[in-house]
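Worksheet: one structure, shown below.
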Amino acid sequence: MSRSVNKIILVGNVGRDPDIHTTKNGTKVAHLSLATNRRPSGEDGEQRTDWHRLTLWNRLAEVTEECVQKGDRIFVEGRLEYDSYEREGVRIPTADVTVRELVLLTPRDVHAVEV
């Protein structure tokens, strides 16, 4: 039997306050952006910022709504999901991290939540 893994771990800074919604059936969902920084490998070039789209559901969305704000440093673990949407006849690919674990690293009330 073949085994596969889809796991992503990120540590970075929240780029905007979380966008919180409740679905028609009452499930809470949070969306936010996370910035991670890197230097181009093998180069002395400038630091680059990568932006990641995060989605958190249920209890993680509640914790995000209560505790996470723009500028906070966080650790997330989750899975990468690819999708696309169409705009003006052009198909736009997307990548989103569905978060399973969130750790707040900004020094105040530090919490760890896992689903």
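A count restricted to segment 79-100 and to residues that are surrounded by 10 or more Cβ atoms within 10 Å (Cβ to Cβ) and either under 23 Å from Val11 (Cα atoms) or aromatic (Phe, Trp, Tyr) (or both) stands at 10.
Please enumerate the residues belonging to segment 1-40 that are charged (D, E, K, R) and either in contact with a helix residue (DSSP H, G or I) (Cβ under 9 Å, 6 or more places away or on another chain) or outside any strand (DSSP E or B) (or both). Within segment 1-40, Arg3, Lys7, Arg16, Asp17, Lys24, Lys28, Arg39 qualify.
Within this structure, Thr55 fails the test of being modelled with pLDDT under 95, in contact with a strand residue (DSSP E or B) (Cβ under 9 Å, 6 or more places away or on another chain) and within 28 Å of Thr106 (Cβ to Cβ). Of all residues in segment 37-78 being under 11 Å from the mean Cα position of the chain (by Cα) and of a type in the set (A, V, I, L, M, F, W, C), which is surrounded by the fewest Cβ atoms within 10 Å (Cβ to Cβ)? Filtering first and then ranking leaves Trp51. Of all residues in segment 45-89, which are farther than 28 Å from Val5 by Cβ, small (Gly, Ala, Ser) and without any contact (Cβ under 8 Å) to a residue 24 or more places away in the chain? Those that are farther than 28 Å from Val5 by Cβ, small (Gly, Ala, Ser) and without any contact (Cβ under 8 Å) to a residue 24 or more places away in the chain: Gly45, Gly89. Considering the conditions (1) modelled with pLDDT under 95; (2) of a type in the set (Val, Ile, Thr); (3) in contact with a Leu (Cβ under 8 Å, 6 or more places away or on another chain), Val29 is excluded by exactly one of them, (1).
When His21, His111 are checked against the criterion of being at pLDDT 95 or above and in contact with a strand residue (DSSP E or B) (Cβ under 9 Å, 6 or more places away or on another chain), His21 stands alone in meeting it.
Among the residues making up segment 54-76, those that are assigned to a strand (DSSP E or B) and either more than 11 Å from Val99 (Cβ to Cβ) or out of contact with any Leu (no Cβ under 8 Å at 6 or more places or on another chain) (or both) are Thr55, Trp57, Arg73.
The values are calculated or read from the model by the stated rules, or taken from the named source; none is laboratory data. Not measured: the values here are computed from a predicted model. Glycine gets a Cβ as well: all are built from the backbone with ideal geometry, and neighbour counts include every protein chain shown.
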